Every structure is written in C-alpha cells, then in structure tokens.
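Since every read-out is calculated from the coordinates, none of them should be taken as a lab result. Being a predicted model, the structure only gives us computed values, none of them experimental. So basically every Cβ, Gly included, is an ideal-geometry build from the backbone, and we count neighbours across all protein chains shown.
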Amino acid sequence: MFHYEIQVRVRYAETDQMGYVYYGNYATYFEVARVEAMRAIGFSYKKMEEEGVMMPVLELKNQFKSPGYYDELLTIRISIPKLPSLKILFEYEVIGEDGREIGLGETTLVFVNKVTGKPMRMPTELVDLLEPYFIK
C-alpha cells in the first residue's frame, strides 16, 4: 500500500460564515495531496498530460467528523490501497492540528486518452513507480 502525507494551512477565503472550512474545499485539499504524493515518488501529472493521458475524477466521497478552522494546519494523509490499472483509488484522512479526526474521503480517477477520451491503462512509468509499494 502506498502512503503519503502533506500539510495544508486553511486560508480565510476557504472558510464559511461559521468559520469552518467550506466543505467544497476538501476536494481541493485532496487534489493537492494527490499531485504532491505523485511528485514525491518522481511522477509528474503535468508531464503525463503533455504525453496525452488525463485523469478525470469519477467519484468523490467525503465524511465529515469535525470542522477545520481558519489558520489551522491540517494534515492530509493519502493512501492508494491497491495497485491501479484503468482506475486509481485514493483514500484520505484529514487530521487537525490538535490531532482530532476532521474527516475521511475517497476519490476514484480513471486514466483517459486525451485525444480519444477513451479509458486506458495506467502509464508504464507510474506502474514502475507504484509497483514496489504493493510487492509483499
């Protein structure tokens, strides 16, 4: 299983009238975690897209436990529970500065040929980078 974690500081513009992180912003935090996790293992989303592969989101799930607040440093823990093929599942845990569980999430993305729009297998470069995390 692949694991990574990143911290994100909540900006004022990301909060609602109650002072909580607006729920829609968690999707952005998840995207930041995905991109940085891939960068950490030496994979570039930008390069992948330039080479004709896109990764649209098929599904997003969020479960909220407690609110995040303005100026709080959130830890986003991301994992990939199984080696991807056509689709890739990311699981997230959001932890507050004080250690409380803020929420859980999942995104499922699919690898798509940029020109045809058809699903395709995960790029070989990404297979090579992720495979070691799943070998027992």
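Check region 120-130 and report whether any residue there is more than 16 Å from Val8 (Cβ to Cβ), surrounded by 17 or more Cβ atoms within 10 Å (Cβ to Cβ) and touching a Pro at 6+ places or on another chain (Cβ under 6 Å).
Scanning region 120-130, I find at least one residue that is more than 16 Å from Val8 (Cβ to Cβ), surrounded by 17 or more Cβ atoms within 10 Å (Cβ to Cβ) and touching a Pro at 6+ places or on another chain (Cβ under 6 Å), so the answer is yes.
Across region 95-129, what is the number of residues that are part of a strand (DSSP E or B) and not β-branched (Val, Ile, Thr)? Steps first, answer last, please.
So in region 95-129, the residues part of a strand (DSSP E or B) come out as 95, 101-110, 112-113, 119.
Now narrow it down to the ones that are not β-branched (Val, Ile, Thr): 101, 103-106, 109, 113, 119.
Looking only at that region, the number is 8.
What number of residues within region 59-89 satisfy the criterion of being part of a strand (DSSP E or B) and surrounded by 13 or more Cβ atoms within 10 Å (Cβ to Cβ)?
Kept after step one, since they are part of a strand (DSSP E or B), are these residues of region 59-89: 59-64, 69, 73-80, 87-89.
When the remaining residues are screened for being surrounded by 13 or more Cβ atoms within 10 Å (Cβ to Cβ), the result is 60, 62, 64, 69, 74-80, 87-89.
The total comes to 14.
Select from region 40-55 the residues that are out of contact with any helix residue (DSSP H, G or I) (no Cβ under 7 Å at 6 or more places or on another chain) and closer than 20 Å to Pro81 by Cβ and list them in ascending order.
In the first step, residues of region 40-55 are kept if they are out of contact with any helix residue (DSSP H, G or I) (no Cβ under 7 Å at 6 or more places or on another chain); the result is 40, 44, 46-55.
Residues satisfying the conditions are Ala40, Met55.
From the set of residues in region 1-56 that are charged (D, E, K, R) and in a loop (DSSP other than H, G, I, E, B), which is nearest to Leu89 (Cα to Cα)? Can you show your working first?
First pass over region 1-56, keeping only residues charged (D, E, K, R): 5, 9, 11, 14, 16, 31, 34, 36, 39, 46-47, 49-51.
Filter again for in a loop (DSSP other than H, G, I, E, B), leaving 11, 16, 51.
Numbers: Arg11: 27, Asp16: 29, Glu51: 22 Å.
Filtering region 1-56 for residues that are charged (D, E, K, R) and in a loop (DSSP other than H, G, I, E, B), the one nearest to Leu89 (Cα to Cα) comes out as Glu51.
Can you list residue pairs whose Cβ atoms sit under 7 Å apart, with the first residue in region 36-57 being aromatic (Phe, Trp, Tyr) and the second being not in a loop (DSSP other than H, G, I, E, B)? Count only pairs 6 or more apart in sequence or on different chains.
If the second residue must be not in a loop (DSSP other than H, G, I, E, B), the pairs left are Phe43/Glu125; Phe43/Leu126; Phe43/Leu129; Tyr45/Val35; Tyr45/Met38.
Step by step: first the residues of region 1-14, then only those that are of a type outside the set (A, V, I, L, M) and touching a strand residue (DSSP E or B) at 6+ places or on another chain (Cβ under 6 Å), then the one that is farthest from Arg77 (Cα to Cα). Which residue is that?
Glu14
Pick from region 15-39 the residues that are more than 20 Å from Glu106 (Cβ to Cβ) and touching a strand residue (DSSP E or B) at 6+ places or on another chain (Cβ under 9 Å): which of them is surrounded by the fewest Cβ atoms within 10 Å (Cβ to Cβ)?
Taking region 15-39 first, the residues more than 20 Å from Glu106 (Cβ to Cβ) are 15-20, 39.
From what is left, the residues that are touching a strand residue (DSSP E or B) at 6+ places or on another chain (Cβ under 9 Å) are 15, 19-20.
On the way: Thr15: 19, Gly19: 12, Tyr20: 18.
Per the stated criteria, the residue is Gly19.
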